[in-house]
Every structure is written in structure tokens, then in C-alpha cells.
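Have a look at the structure below before the remarks.
The values are calculated or read from the model by the stated rules, or taken from the named source; none is laboratory data. All of these numbers come straight from a predicted model, not from anything done at the bench. Quick reminder, even Gly has a Cβ in these numbers, built from the backbone with ideal geometry, and neighbours come from all protein chains shown. Surface areas here come from the heavy atoms of the whole protein model, side chains and all, with no ligands, DNA or RNA. Shrake-Rupley method; radii C 1.70, N 1.55, O 1.52, S 1.80 Å.
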Amino acid sequence: MNASPPPQTPLLELHDVVKRFRLPGGWLSGQARYVHAVAGVSLSVQTGEVFGLVGESGCGKTTLGRLILRLIEPTSGQIIFDGQDITHRKKKDLRPIRREMQVVFQNPLASLSPRMKIFDSVAEPMRTHHIVPESQMKKKVHELLTLVGLGPQHASRYPHEISGGQCQRVAIARALSVNPKLIILDEPTSALDVSVQAQIINLLQDLQEAHGLTYIFISHDLSVVEHISDRIGVMYLGKLVEVGDAEDIFNDPQHPYTQALLGAIPRPEVDDDQELVILEGTVPSPVNPPPGCRFHTRCPLTTDICRQKEPALVEVNGRLVACHLVQAS
Ligand code: SF4
């Protein structure tokens, strides 16, 4: 008898997902130009896992989140959610999936209607998906507000009457209200004060542990996702350049870009003599990504092959890395 547990089916699988946006113009010349926002991303996320997705502004991480939510149509590739291929599913057929995938955005004030009381903001998704009968709505909303560290007294207020951190707690309560299988957290703390950021991260972590939630946590800041993530994917100019266990990535980053992102975080435990990769310049335009390794214009370790040949994302030392130098060593 085979006593080993059956292999777990991923909750989410992306296979070579591409998203190009056509720029206006070029019709007469026949020279269409595109923003190559996501350039072939493959990854899987297990149920109950926290996957941190990090990279500088413009790297495609938010576009990838919107593709997973099917708020935008992929150019090519495949998106499998909970065993179902949702890549080209029509809007009306996405409704049950929308309930199972929720999102918390960066700016809580923008995601809550200024004309709706907090009670109705939290109740709205449950009404849309007919989850809770109206007779039990008050009890349910109060439970959710308590769960996110607010109270029934907040239900009668409007978003402008509570703080930014409290608004983000309301946005989290809204997301939780429909019992989603996956929550995409898109920079959920970056619009908040530093002290409030820590409170929201702690709340998200407590909720994840208590309810076995699955998160994709998108951030430009590696330090934000450090403690909450099980695995981390580092994105640069539309591609994943390193994917691995969070601990491995933080203790021993392999890709020069990951090393540079980590080098920008003050970390007392890091040896002063350790050589840091200093990140200079800005991310090149995704309209004309550099040939070869997309990071070669900023990488201090660039060699000839880096300018000519794109490194594949392959397994090195127990994680996935896209770098000629790492693969050769
Ligand atoms: Fe740097 Fe070359 Fe590695 Fe790209 S492939 S990260 S340019 S060393």
C-alpha cells in the first residue's frame, strides 16, 4: 500500500502567460507598437500558500494580477484556476470564479464607494452573490468587521469618516465576505503610514493562518513580503527571474536583480563584507525590452552572452533562476 499523500493539485497555474498592449498609432505605416507588459510567465500556487510577487514599478506584476483575476484578456498562454481553464472564459461565465478570487487594492479609499456606508460596502459582495439572507446580514457584517479588528460601531460610518488603515480593514472584510479561495493583495499597504502597514500585514498574516487562505501578495518592496510569504517570485520587465522559498531567497539570493533588491533593504543580520549589487538607473521601457537578458542594461555582472541570449528560467540550487552566470557556476 502506498502511504504517501496524493500530490496536491495547484489552486492556480499559469502557463507561459503573455500580455501585450497595442499602443495607439502606427495604422498607416503598418508599424504597430506594443507594450510587452507580461512576457511569458509560468507559475503555480498551492492552496493555503502565500506567494509574494515582487519587482519594481512597471515590471508587470500588477498586470499579472489583473490577468489572473481575468479583468483583462491574456494575449496568449493559459490560466487554470481550481482545475478549470479560465483563460478565455466569457464575462458572464466568470461570475462564479469572480466570487472565488477577490482582490484588495493599494488605495482603500478608491476601492470603497464614498457614498456607501461601511455596512453596505461589506454587505455588497454578499448581496451580489446571494451568500447571506438579508435577515442575517447585520450579524454577518458585524462579525466580519470584528474579524478585521473593527467593530459594529464602524458600520454606520462613511469611508471619509475613518482612517486609511481602517478603510483597508474594510476592504479586507469585503474580500473575505464571499469566502474566496484566492485573494490577490496588490500593494495593500503601500498607501498607508509605516506604523499602520505593520498592523495590516499582521492582520493579513493572522487571517491567513487562522483560515488557511491563499494569497498572491504583490509588492515593490521585498521587505514587505518577507515574513508573510511561503514562496517568492521576483519579476523584472515582464518576466520572472527568480522563484523560490522565501527563506532561501532572503538568505541566499541567486539572481543579481534579487540581490540588488535585497541590498536596498537595511538588514542588520547581513555581513558588512558581503558584496552587494547596487541597482542603478531605471527599468527600460517595456515597449523596447533589451535583447538577451532583459536585466543586462543594469546588471554589473553583464558579459557578452547576456547581451545576446536570453537566459531561461531553470532550476538551480533548489529554485528557479534566469541568469547565465548562475547557471554556469
Ligand atoms: Fe546579469 Fe547576465 Fe545574469 Fe542577466 S544573465 S542577470 S545580465 S549576469
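Near ILE118, within a Cβ-to-Cβ distance under 13 Å, what is the net charge of the other residues, with Lys and Arg +1 and Asp and Glu -1?
Net charge in that neighbourhood comes out at +3.
Based on the Kirkwood radius over alpha-carbon pairs, what is the Stokes-Einstein translational diffusion coefficient of the range 10-56 at 10 °C with 1.306 mPa s viscosity, in µm²/s?
This corresponds to a translational diffusion coefficient of 120 µm²/s.
Determine the relative contact order of the chain: mean sequence separation of Cα pairs under 8 Å and six or more apart, normalised by residue count, in whole percent.
Here the relative contact order equals 19 percent.
So how much slack lies between HIS211 and ALA198, counting 0.36 nm per residue of separation and subtracting their Cα-Cα distance, in nm?
Working: separation 13, 0.36 × 13 = 4.68 nm, distance 1.98 nm.
Between HIS211 and ALA198, full extension yields an extra 2.7 nm.
Less than 13 Å Cβ to Cβ from TYR257, Lys/Arg counted +1 and Asp/Glu -1: what total charge do the surrounding residues give? Show your work: numbers first, answer last.
Working: positive: LYS239, ARG294, ARG298; negative: GLU56, GLU242, GLU280.
Neighbourhood net charge equals 0.
Would you kindly state how much longer the chain becomes between ASN288 and LEU23 on full extension, computed as 0.36 nm times their sequence separation minus their alpha carbon distance, in nm to one decimal? Write down the numbers at each step before the final one.
Working: separation 265, 0.36 × 265 = 95.40 nm, distance 1.22 nm.
Answer, rounded to one decimal: 94.2 nm.
Considering all projection directions equally, how large on average is the shadow of the alpha-carbon convex hull of the chain, in square nanometres?
21.8 nm²
Tally up the carbon and sulfur contribution to the accessible surface of the range 12-150 as a whole percent, 1.4 Å probe, everything protein left in place.
52 percent
According to a simple spin-label model (label point 7 Å from Cα along Cα-to-Cβ), what is the distance in nm between ASP16 and ASP221?
Spacing of the two 7 Å Cα→Cβ label points: 3.8 nm.
If I model a spin label as a point 7 Å beyond the Cα along the Cα-Cβ vector, how far apart are those points for SER135 and THR47 in nm?
3.2 nm
Grab the Cα-Cα distance for LEU301 and THR146, subtract it from 0.36 nm times how many residues apart they are, and report the gain in nm with one decimal.
On the way: separation 155, 0.36 × 155 = 55.80 nm, distance 5.12 nm.
Residue separation times 0.36 nm, minus the Cα-Cα distance, leaves 50.7 nm.
Place a +1 charge on the Cβ of each Lys and Arg in the chain and a -1 charge on the Cβ of each Asp and Glu, then give the dipole magnitude about the Cα centre in debye, rounded to the nearest 20.
Computed about the Cα centre, the dipole is about 2080 debye.
Using a basic spin-label model with each label point 7 Å from the Cα along Cα→Cβ, how many nm lie between ALA110 and LYS309?
Between ALA110 and LYS309, the simple spin-label model gives 4.2 nm.
For the range 1-148, report the translational diffusion coefficient in µm²/s to the nearest whole number, using Stokes-Einstein at 37 °C, 0.692 mPa s, and a Kirkwood Rh over Cα pairs.
The Stokes-Einstein estimate is 177 µm²/s.
Can you show me the helix-derived [θ] at 222 nm for the chain, built from DSSP H runs with n ≥ 4 at -39,500 (n - 2.57) apiece and divided by the number of residues, rounded to the nearest 500.
Estimated from H runs of four or more residues: -8500 deg cm²/dmol.
If R0 is 22 Å, what FRET efficiency do you get for ASN317 and GLU280 from their C-beta distance, rounded to 0.05?
For R0 = 22 Å, the calculated efficiency reads 0.25.
Exposed loop sites here are trypsin sites (Lys or Arg not before Pro) in DSSP loop states with at most 10 other C-beta atoms within 10 Å. What is the longest stretch of the chain lacking them?
Within the chain, the longest run free of exposed trypsin sites (Lys or Arg not before Pro) spans 116-329.
For the chain, with a Gaussian network of springs between Cα atoms less than 10 Å apart, report the residue from GLY244, GLY77, GLY318 with the top mean-square fluctuation.
Largest GNM mean-square fluctuation: GLY318.
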